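Down below is the structure, laid out as structure tokens.
The values are calculated or read from the model by the stated rules, or taken from the named source; none is laboratory data. Bear in mind that the values here come from a model prediction, so they are computed numbers and not experimental data. Glycine gets a Cβ as well: all are built from the backbone with ideal geometry, and neighbour counts include every protein chain shown.
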Amino acid sequence: MNMRAVFVLLAVALATILALVCVLLTQTGSSNKECDPDAQPGHQQTKVRQQKKSSDHSLVFSDLNPEEYSQIVEYLKSNLGVELVNAADANPSDNCIYYIQVQYPSKQKVLDYLDKGATKPKREAIAVIFFGNQIDPNITEYLVGPLPMPTYHEDITLQKYKDKLPYYRRPVIGKEYVEAYNLVYQQEFSTAPNFLNDVFGYDGTNFAALTTVPRGFRSGDRSTWFVLFFNVSGSCFSLHPIGLEVLVDHKSLDVTKWKVLKVFYNGKYYSNMEDLEKHYKEGKVTVIRMNRAGRDDDIGSMKPKVASMSGGGPFQFDPVGPRYIIDKNHVNFQSWAFAFGMNVNSGLRLFDIRFKNERIVYELSTQEAIAIYGSNAPGGMITRYIDGSFGIGRFSFELVRGVDCPYLATYIDVHYLMESDTPETIKNSICIFEHNSGIPLRRHYSNMHSMYYGGMTNTVLVIRAISTLINYDYIWDFIFYQNGVIETKIHATGYISSSFYFEDGQDYGSRVGEYTLGTLHTHFINYKVDMDVGGTSNRIMTQDMKFSPTSVPWQQDTTIQRPKVVREVLKKENEAAFALNEHMPRYVHFSSNTTNKWGHPRSYRIQLVSFAGEYLPETSPVEKAMGWARYKLAVTKYKEEEQESSSIYNQNDPWNPSVTFSEFIDNEDINLQDLVAWITVGFLHIPHSEDLPNTATPGNGGGFFLRPYNYFDLDPSIYSSDGVYFRSEEDYSSSS
């Protein structure tokens, strides 16, 4: 071994030791600048100064901070002229602040500011108020500004939704759930003490309830099936159904007028719990006596069955420190730069995504997620979860270092204000990290004519959040490759939902426990991709292939099938709206009106990776509320009034949705226009025994790629310092 190799090994060993020490010092989540090479004087500070202008400009996309939330609450309480009760304590008949969130300026104002040096747009927020204490209860949305010290508010409800927002469309807040549970547990259950005690050993603490939606069958309804499960400590209740479900009418603003409409137990329906008790005493109820699972027989326990391995698995470290810079809400990595934020309803979102300072995407954001269930029990058979109404961003909880994200990732806190008068902070809710994917980005080993090797590690930047929506966990990733590719990926994990297993249950899923039916469901996730390829004037081009019979020129009596490229420009929105099961050209591009060195239009290709099941038939009365799921891809002309494909109000009034996505597609001209792609991915999930204790990520997800296509003159990763090249006569340890 030569001396150079010895020095290299020593350097690697020292770097490894340093990295491990850093991990030990940062496992609690606190930072330690001595372990961060970029924190040394003159290193990261210099880079940050170089990026300061772009970082400051990214603040136009920044989320509200706690001080801004507090100022808005104080302003609203002083200027709305009504008493506002803290939403955490509010009854349906009270007025309260539901949530507050940043409101971005119009796209044109932002572009003028970013690209033309125009004045920075005013910073404003949206405040959603539930007005329950008035003659005409309603939901009102106010534009509040300017921040940080607001002086005005404007009712924008009619402008945004073209109509008033009926009060019954409001999402169910925590206090309303508490009152519904009190009705069931304290009042209704008191009428069936013998049944509950004999069959379940009910003690007032060993049940858990799961809400279902929609809450009825027509606009104005607000009746919810609550599915009962055993509440198992240290595990998820959703795997322990007991066969009992209760339908509660909570439409009235007077809580004392709420009532139970129906009770279901083990395949039979009863008027209420008193009726069930009566039939039970008469011996007319087929009962299955059950006990809450213990630690040893809990099918949902995630506690490992063997002792953890000392030292764990492989560990990735950064020998020279992070190669990305985060300044407030702005990220720089290699040739990439972007701003990021968290929408309390829809989750993670990115803005002003640039490669080598050229904007490619104005906005890349999660819009909505839905799950459509089937079952032979009432709660499961009607359920169509629209997750944005619960809060995809709100429930993006703290990430666990070394499991949810790598140890050396950067963890970022998120602030929000919802169902409260005071802002809340979720520690370490977003992580950003550089990651070696374990497969070359590109490589070639030449063993003919010329002996050489060329390759490049596939080191990417990942920004991630994970939402836990009751039982399911969604892992949201945006991934940046050094060759100009952006990947958007969703993985589903967490626990399956279940119904009580009886009769024809296996028509609706798989039996995964003695009384547990893992119910089939479909996942659909919608994204907004506002691409600006070479500017805001884009068109949609498609490419595919077809075989055509051709006579061989040098042997005319022989015919071959020759593949040929088929190209088309889509000029109307209806042409660029591809239904879920419709044939779609395999190459779909956002194309600019400029060309690369070789005369091809500079473009970015959209490539889907999806295994979606069937969507609801359009004859379903709730289908319009989730109409974006009709399309795997739909391209529309950019409009300020078409900012979101869904609405938090669609869940509780899906029969007359506040946002109807299908209305976005009205055959407008999309040739050389500012365009937006709405992309839907998903998968069908028919649960199986390996979903216990909970669902694993491999194969359970989907996503899409945004890939440069003739956008560059050659692969831009050739300029990356991560590339490797050596010839046969060279020592590979000195390769460049």
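Of THR558, THR594, all but one fail to be touching a residue at least 12 places away in the same chain (Cβ under 8 Å) and touching a strand residue (DSSP E or B) at 6+ places or on another chain (Cβ under 6 Å); the exception is THR594. Of the residues making up segment 690-718, those that are within 26 Å of TYR445 (Cβ to Cβ), in contact (Cβ under 8 Å) with a residue 12 or more places away in the chain and surrounded by fewer than 17 Cβ atoms within 10 Å (Cβ to Cβ) are ASP713, ASP715.
The helices (runs of 4 or more DSSP H) found entirely in segment 89-201 that carry 2 or more residues being in contact with a Pro (Cβ under 9 Å, 6 or more places away or on another chain) are 107-116, 174-182. Filter segment 234-267 down to the residues that are assigned to a loop (DSSP other than H, G, I, E, B) and under 28 Å from the mean Cα position of the chain (by Cα) and list them by number. Scanning segment 234-267 gives GLY234, SER235, CYS236, HIS240. Residue selection: ASP404 satisfies the criterion of being closer than 16 Å to ILE490 by Cα, surrounded by fewer than 21 Cβ atoms within 10 Å (Cβ to Cβ) and either touching a His at 6+ places or on another chain (Cβ under 9 Å) or at pLDDT 95 or above (or both).
Any idea which of VAL306, VAL320, VAL285 is touching a helix residue (DSSP H, G or I) at 6+ places or on another chain (Cβ under 9 Å) and surrounded by fewer than 10 Cβ atoms within 10 Å (Cβ to Cβ)? Walk me through how you get there before you give the answer.
Numbers: VAL306 fails: touching a helix residue (DSSP H, G or I) at 6+ places or on another chain (Cβ under 9 Å); VAL285 fails: surrounded by fewer than 10 Cβ atoms within 10 Å (Cβ to Cβ).
Matching residue, one of VAL306, VAL320, VAL285: VAL320.
Within segment 628-655, the set of residues being surrounded by 23 or more Cβ atoms within 10 Å (Cβ to Cβ), farther than 25 Å from THR542 by Cα and over 19 Å from the mean Cα position of the chain (by Cα) comprises ASN652, ASP653, PRO654. Restricting SER365, SER429 to residues that are over 24 Å from ASN652 (Cα atoms) and touching a residue at least 60 places away in the same chain (Cβ under 8 Å) narrows the list to SER429. Pairs are defined by a Cβ separation below 7 Å, a sequence spacing of at least 6 or placement on different chains, a first member in segment 562-580 that is among the small types (Gly, Ala, Ser), and a second member that is part of a strand (DSSP E or B); the pairs so defined are ALA576/ILE540; ALA576/LEU570; ALA576/ALA634; ALA576/VAL635; ALA577/TYR631; ALA577/ALA634; ALA579/TYR631. Mind listing whichever residues of segment 674-695 are under 18 Å from the mean Cα position of the chain (by Cα) and either at pLDDT below 95 or under 22 Å from LEU608 (Cα atoms) (or both)? Of everything in segment 674-695, those that are under 18 Å from the mean Cα position of the chain (by Cα) and either at pLDDT below 95 or under 22 Å from LEU608 (Cα atoms) (or both) turn out to be ALA677, TRP678, ILE679, THR680, VAL681, GLY682, PHE683, LEU684, HIS685.
So, in segment 478-509, exactly how many residues are over 30 Å from ARG602 (Cα atoms) and either assigned by TED's automatic domain parsing to the domain that holds LYS268 or surrounded by fewer than 19 Cβ atoms within 10 Å (Cβ to Cβ) (or both)? Final tally of qualifying residues: 6.
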